[in-house]
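Below: the structure, in structure tokens.
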Amino acid sequence: MLDFEHDRPTRLEERVVNVYRKHRPYSPQDIDLDLFIYDAGIWVHYLPEPSTNYQFRDEMYSIIVDNRLPRRQQGIELTHELGHILLHVGHQTFMPDDEGDRQKWQADRFATYALAPTFMIADCIKPTNSRQRAERRVSSVRYRVRR
């Protein structure tokens, strides 16, 4: 088992952990993306168009997920867009490129941690001399996306 005891979670990771503590998934296979969506009060629409998110009125949000993508990719896109809603304000169209890139990086980081949280996968990873084997093991974890 790897020792993550000395790792301090970022504020972003703490937010994810708080949602998971409330709903108690015990392993990556138990992750249900609808937990975040429900808690945030967000509408999700699966349509044949690029994934994005919209804000309506003050606190009402919708996420569009491209239903032409494979199901696993839809989950990643959904979580990435959720990261934008939870972490950012404003519209990327009106931002300098470097700020938009920074926000995309943050949304990707949110999606990565939400789909494979360190506190859950620490016991699943066995020490190995091969980084590729460890990466394959983590990437093989399945999560649920309901429609």
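The values are calculated or read from the model by the stated rules, or taken from the named source; none is laboratory data. Predicted, not measured: the structure shown is a model, and the values here were computed from it. All Cβ positions, even for glycine, are placed from backbone atoms using ideal geometry, and neighbour counts span all protein chains on display.
Taking the conditions exactly as written (assigned to a helix (DSSP H, G or I), at pLDDT 80 or above and charged (D, E, K, R)), does residue 72 satisfy them or not?
Details: assigned to a helix (DSSP H, G or I): yes; at pLDDT 80 or above: yes; charged (D, E, K, R): yes.
The answer is yes for residue 72.
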Report task. Kindly indicate whether any position in the range 54-61 is touching a residue at least 60 places away in the same chain (Cβ under 8 Å), surrounded by fewer than 13 Cβ atoms within 10 Å (Cβ to Cβ) and out of contact with any Cys (no Cβ under 6 Å at 6 or more places or on another chain). Result -> no
Query raised in the report: Applying the selection to the range 6-61, what residues are of a type in the set (A, V, I, L, M, F, W, C), under 13 Å from the mean Cα position of the chain (by Cα) and either assigned to a helix (DSSP H, G or I) or under 14 Å from residue 86 (Cβ atoms) (or both)?
Result: 12, 16, 17, 19, 33, 35, 36, 37
